[in-house]
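S.K.: The structure under discussion is supplied below as structure tokens; questions concerning it will follow.
The values are calculated or read from the model by the stated rules, or taken from the named source; none is laboratory data. Every value quoted in this text rests on a predicted model; they were computed, and no experiment measured them. Every residue, glycine as well, gets a Cβ built from its backbone with ideal geometry; the counts of neighbours run over all protein chains shown.
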Amino acid sequence: MPLFWIAILSCMVSVLIIVAVLQYRWTKQLSVASEARLATTLQPLMVGWHLDFYGELSAICVALQVGPDSGARDNWDDYLHRYINWSHAPINSASVENIYANPGLIKSVYVWQTASSPMPRLFRLNPDAARIESSSVPAGLEPLLTRLNSKSSSLPIGLRAWEAVGSTAGERSGDQQEYRPLGSERSDLTTGWQFDRNVPAIVHPIVAAGHHSSHSNAKPSSSKDPVDWIVVVLNLDYIQIKVLPNLTKRDFSSREGLEYKLAVVAEGNVPRVIYSSDPGFPLGNQVSIDSRMNIFGPPPESVEGDFWQAIKNSELIRNQDWRNFSAPVWFPVIQYGSDDQPWTLLVQHRTGPLEAIATSIWHRNLLTSGVVLLLLAFGMSLIIFATRRAQKLAQLQLNFVANVSHELLTPLAAIHSVGQNLRDGLCDTKADSIQTGSNITSQARQLTDMVRQILLFASTQSGTIRYTLSPLNVSDLVETVRGNIATLVEGNGFEVDQDVQEGLPNIMGDLPALSQCIQNLVVNAVKYSGRSRRVGISASLHGAKANQREVRISVQDYGRGISSSELGHIFEPFYRSPGVVDAQIHGTGLGLAVAKRIAQAMGGRLSVVSVVDVGSTFTLHLPVILGTKSEADMLVSDSV
């Protein structure tokens with residue numbers, strides 16, 4: 001291959017590789033962008049769900065109105081009346097004020113008196129009887145009350161009751177000695193309410209002086225005074241059956257229903273499913289979860305808590321992993337130890353994990369791009385192949401023109417020479433005249449055959465030639481060929497070995513065309529026989545595929561043979577092997593090409609077997625006419 005084509009192929013391969021790499025990067029970026037787009041839809045839904053959940057839980061906190069002064073100006077009757085008004089208020093979803101009013105969410109409201117009596121006492125606010133009743137400690141509430149009792153020595157300590165025992169922040173709060181006005185403890189992060197997810201319950205410290213029915217005798221309160229507690233016990237069953245399903249339907253539904261599967265799980269060594277939108281979700285393996293959110297957030301002192309403080313102040317989410325994040329810290333969660341496990345919201349798209357969807361999109365885009373690149377490479381290969389073939393054909397045509405010109409000039413030159421001799425009076429005797437006439441006739445015939453061959457090739461090439469098909473006898477066909485080539489064979493001193501099987505069935509074909517086909521094979525055999533002066537013609541019946549039979553007419557020579565590297569080209573138009581050209585054997589390179597096209601037009605084919613320096617055998621395969629008596633007789637004789 002010339003260096004030019006090697007350079008072209010190298011450039012094209014390099015371009016394809018560069019395009020493939022860029023396409024891979026582009027499809028990967030598109031996949032990441034698709035996943036990010038899905039994330040920008042999912043994360044706001046989860047945060048919106050969390051805000052609604054917070055609204056449900058905080059409605060009672062707003063109703064009780066424990067303000068920044070931690071109840072310094074209120075007494076217990078005030079809390080009772082507020083609770084009664086809230087629990088009996090009509091629910092109006094259209095009212096912003098009462099949008100989260102849901103009395104069924106509250107199981108009980110207690111006052112845990114830890115500061116004004118020798119022994120802590122528990123009181124229950126009874127909205128139905130409109131009174132405050134002494135109450136025993138319900139099952140499951142004792143760990144929380146014990147914790148609150150240990151955090152009742154002062155308001156600063158009470159406001160940080162959520163901190164685990166021994167934390168540095170708690171020790172600093174307890175060590176403060178200065179007096180501060182009530183209300184200065186409130187920060188942007190919390191209004192003093194704290195959440196116990198084990199009960200579950202929401203608690204708030206209130207100054208001990210606030211339980212008196214009259215404020216006239218109350219001494220001024222300070223942050224060093226001991227505190228009592230308001231304890232709001234939530235109805236977990238109601239949260240599971242009513243609140244969470246409604247929130248899920250409100251925030252994650254579309255016209256087609258829920259787009260995502262949701263579950264609220266209490267994490268731990270053995271996770272506990274609090275709520276699930278679909279039975280069996282989540283499974284034990286949570287690798288396929290699209291996103292998880294810590295519902296009550298991390299401890300406020302953590303870096304993550306500071307981040308969500310910024311979120312609370314309406315800053316944008318930047319560079320946050322949307323697959324695993326924490327919600328804003330509205331209620332600090334009471335910590336009992338390092339093994340405390342949060343409530344987590346788990347979300348998965350109903351059609352499958354978002355990562356799998358994005359990966360599927362990426363694979364589909366990558367496959368499409370790969371197919372396009374393959375088609376591009378295939379098209380480029382076809383262009384190169386067609387270009388190379390066109391160049392090769394052009395070169396063959398140039399060689400053909402040169403060969404034909406030489407072949408035409410040879411007999412013309414001989415005729416011109418003989419004519420010159422006649423003009424000069426060199427043919428004195430009758431024998432000279434006969435010889436001269438014979439030479440002119442021979443050269444004219446050669447010239448005529450050459451022109452006829454070219455015209456026949458042009459006809460087969462353009463498809464303008466029309467064949468008249470009729471049943472033909474194989475023996476008659478062979479005799480017709482022998483008659484046409486008699487002069488050629490005898491003039492060159494050749495012997496023809498003929499072996500035609502008797503009783504061959506008829507074939508369907510055009511007699512002149514088939515005669516020309518076999519004649520081209522014989523001429524080719526005579527031309528390339530070398531020193532041998534023998535040509536064999538044989539015809540016999542053979543089996544073919546699909547239980548059909550065919551007649552094989554073979555032409556054999558005993559000459560130079562054809563190398564295996566040239567066998568694939570000998571039927572190409574204008575092709576002449578380098579060895580033939582070097583041997584100065586006359587020809588146009590059209591004989592075998594014309595023979596092959598005629599064979600195909602008759603429904604047959606040409607095959608060749610050749611051994612160098614031994615000879616070649618060209619075989620014309622022609623299907624027989626089915627159902628003829630001759631074929632039946634041949635089949636019987638073959639079976640015998």
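S.K.: On the basis of being buried (at least 20 other Cβ atoms within 10 Å of the Cβ) and out of contact with any Pro (no Cβ under 8 Å at 6 or more places or on another chain), does Arg597 make the cut?
M.R.: yes
S.K.: Something else now. In this structure, is Leu472 within 18 Å of Ile625 (Cα to Cα), in contact with a Ser or Thr (Cβ under 7 Å, 6 or more places away or on another chain), surrounded by 20 or more Cβ atoms within 10 Å (Cβ to Cβ) and touching a residue at least 24 places away in the same chain (Cβ under 8 Å)?
M.R.: The answer is no for Leu472.
S.K.: Go through Ser150, Ser136 for me and flag whichever is exposed (fewer than 14 other Cβ atoms within 10 Å of the Cβ), within 20 Å of Val207 (Cα to Cα) and small (Gly, Ala, Ser).
M.R.: Answer to the selection: Ser150.
S.K.: Criterion first (aliphatic (A, V, I, L, M), closer than 21 Å to Val609 by Cβ and either assigned to a strand (DSSP E or B) or in the same structural domain as Leu590 (by TED's automatic domain parsing) (or both)) does Val489 satisfy it?
M.R.: no
S.K.: Which one is farthest from the chain's Cα centre (by Cα) among residues in segment 247-277 that are more than 23 Å from Gln341 (Cα to Cα) and assigned to a loop (DSSP other than H, G, I, E, B)?
M.R.: Arg255
S.K.: Here's another thing I want to ask about it. When you look at Gln519, is it in contact (Cβ under 8 Å) with a residue 24 or more places away in the chain, in a helix (DSSP H, G or I) and surrounded by 18 or more Cβ atoms within 10 Å (Cβ to Cβ), yes or no?
M.R.: Numbers: in contact (Cβ under 8 Å) with a residue 24 or more places away in the chain: yes; in a helix (DSSP H, G or I): yes; surrounded by 18 or more Cβ atoms within 10 Å (Cβ to Cβ): yes.
Yes; evaluated as a whole, the condition is true for this residue.
S.K.: Something else about it: Could you check, for segment 559-578, whether at least one of its residues is outside any loop (DSSP other than H, G, I, E, B), under 27 Å from Val489 (Cβ atoms) and at pLDDT below 90?
M.R.: Scanning segment 559-578 turns up at least one residue that is outside any loop (DSSP other than H, G, I, E, B), under 27 Å from Val489 (Cβ atoms) and at pLDDT below 90.
S.K.: Please determine whether any residue of segment 423-437 is hydroxyl-bearing (Ser, Thr, Tyr), touching a residue at least 60 places away in the same chain (Cβ under 8 Å) and buried (at least 16 other Cβ atoms within 10 Å of the Cβ).
M.R.: no
S.K.: Any idea which residue in segment 537-556 is farthest from Gly615 (Cα to Cα), counting only those that are without any contact (Cβ under 8 Å) to a residue 60 or more places away in the chain and either part of a strand (DSSP E or B) or over 58 Å from the mean Cα position of the chain (by Cα) (or both)?
M.R.: Applying the filter and picking the extreme gives Gly543.
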